[in-house]
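What follows is a structure written as C-alpha cells; I'll ask about it next.
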Amino acid sequence: MKLNLRGLLPFLAGVAVLYSACTKSGAVKPDTSNVKASDNVASSAIADNLAKSLAGSFGGSSVKDGVAPSINSSSKVKVQSTYSCGFYVDTALNYVFNQGDTLKATKTGGVQYYFVCENDKTVGYDSIDSLNTVGSGPGFSYVYNIVQKYKVRGVNTNNSNFSMEGPMKAYADNEYPRYKTFSRVHNTYVFSKLYIHGDDNFDITSGTATFHSEGKTNGGGWDYSGTITFLGNHKAKLTFLNKTFLVDLLTGTSTPA
C-alpha cells in the first residue's frame, strides 16, 4: 500500500468547495451538540469515513496500492517489493504541505513494513501506519488521525488480487468555526478476510468487519457498534441497531436497505 500524502490535495480542494457552498447559503445552524443524530445521519457519516479511510483520503494507506507498497515523503524514501525477503522498514514522517496561502497541512507519525516471501518471491507484507495530519484552509480546519495495522497477502501469481485483515482507527475532525458547523467522526474497525480484486478497480469482493463509531455533527451525536459485510461491486452492507444500510464504497454514500 502507498501512504497517500499528496492525495490529500484533491480531498482538501473538495472541502474548500463544500465550505464555499455553505458560506453562500448564509445559514447559521443551531447548536445540536446534545441532540441524538438520526440513524440516517449516523450511517452517512460512518459510510463516508469507511470509504475515505480505505481509499487513503485521510492520508493513510490505500487499498488501491496492493502488494507493491511504496512510501513517499519529503525525504523521498521509496520502498518497493524488490527488497529482500524479510526486509524491515521503519520510517518516521514529518511532512509539510502548502498550496499558496490557502491550504496548509502537516503530517507526522511513522510507518513500518515487514515483507513476507515464499520461494524467494514477495507475497505480501505486514504494516503499521500511525499518522496525524493537521491542516487548514480559508474558513476551515481539520485533524485526521489514522492508525492501520494490516496483514496483506497476494493470492494469485502476479499479486493483482490480495487479502487484507487487521484493525484501523480513523478519526476525522472538521471545523467551520465562523458558521458553527462541524463534523467529528471517530471510528475504529477490525477487518477480517477482505478479498480485494485489483484487476477490477480494487473491488473488495468479500470479507467482514466490526466497527465502533462515536460522532457528532450539527445533526446530532451518536455512539454505535455494528458490522460491515463487503458484497463486491464496490458495495458493503452496514448494520447497527438492527438496521441495515447499503454503502457505496466509491462515493461513500449510504441508503437504507
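The values are calculated or read from the model by the stated rules, or taken from the named source; none is laboratory data. Please read these numbers as outputs of a predicted model, since none were measured by experiment. Neighbour counts run over all protein chains shown; Cβ positions are idealised from the backbone, glycine included. These area figures cover heavy atoms from the full protein model, side chains too; ligands, DNA and RNA do not enter into them. Shrake-Rupley method; radii C 1.70, N 1.55, O 1.52, S 1.80 Å.
Conditions: (1) surrounded by fewer than 16 Cβ atoms within 10 Å (Cβ to Cβ); (2) more than 24 Å from Gly226 (Cβ to Cβ); (3) touching an Asp or Glu at 6+ places or on another chain (Cβ under 8 Å). Val111 meets all but one. Number of the miss?
With (1) surrounded by fewer than 16 Cβ atoms within 10 Å (Cβ to Cβ); (2) more than 24 Å from Gly226 (Cβ to Cβ); (3) touching an Asp or Glu at 6+ places or on another chain (Cβ under 8 Å) applied to Val111, the lone miss is (1).
Within the range 167-181, can you find the residues that are open to solvent by 10 Å² or more (accessible area, probe 1.4 Å) and not aromatic (Phe, Trp, Tyr)? Full working, then the answer.
At the first step, the residues of the range 167-181 found to be open to solvent by 10 Å² or more (accessible area, probe 1.4 Å) are 167, 169, 171, 173-181.
Listed by number, the residues that qualify are Pro167, Lys169, Asp173, Asn174, Glu175, Pro177, Arg178, Lys180, Thr181.
Asn201 versus (1) more than 15 Å from the chain's Cα centre (by Cα); (2) farther than 15 Å from Ala55 by Cα: which is the lone unmet condition?
(2)
Mind checking which residues of the range 204-230 are in contact with a Lys or Arg (Cβ under 6 Å, 6 or more places away or on another chain) and either at positive phi or free of Cβ contacts under 8 Å to residues at least 12 places away in the same chain (or both)?
Matches in the range 204-230: Gly207, Gly220.
What residue, of Gly215, Gly154, Gly166, Gly198, is more than 19 Å from Val123 (Cα to Cα) and not charged (D, E, K, R)? I'd like the intermediate steps shown before the answer.
Details: Gly154 fails: more than 19 Å from Val123 (Cα to Cα); Gly166 fails: more than 19 Å from Val123 (Cα to Cα); Gly198 fails: more than 19 Å from Val123 (Cα to Cα).
It is Gly215.
One line per residue, one yes/no per condition, for (1) open to solvent by 50 Å² or more (accessible area, probe 1.4 Å); (2) under 22 Å from Gly166 (Cβ atoms):
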| site | (1), (2) |
| --- | --- |
| Tyr189 | no, yes |
| Asp200 | yes, no |
| Gly207 | no, yes |
| Ser213 | no, yes |
| His234 | no, yes |
| Phe240 | no, yes |
| Val247 | no, yes |
| Ser254 | no, no |
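(1) modelled with pLDDT under 95; (2) touching a Lys or Arg at 6+ places or on another chain (Cβ under 6 Å): which one isn't true of Tyr179, the others all being true?
(2)
Could you grab me the full set of residues in the range 44-94 that are acidic (Asp, Glu), within 30 Å of Asp248 (Cα to Cα) and modelled with pLDDT under 85?
Restricting attention to the range 44-94, the residues satisfying the condition of being acidic (Asp, Glu) are 48, 65, 90.
Going one step further and asking which of them are within 30 Å of Asp248 (Cα to Cα), we end up with 48, 65.
Once the filter is applied, which keeps residues that are acidic (Asp, Glu), within 30 Å of Asp248 (Cα to Cα) and modelled with pLDDT under 85, the range 44-94 yields only Asp65.
Another question about this same structure. Which residues, counting only those in the range 127-166, are open to solvent by 20 Å² or more (accessible area, probe 1.4 Å) and among the hydrophobic types (A, V, I, L, M, F, W, C)?
Ile128, Val134, Val143, Val147, Val155 - these are the residues of the range 127-166 that are open to solvent by 20 Å² or more (accessible area, probe 1.4 Å) and among the hydrophobic types (A, V, I, L, M, F, W, C).
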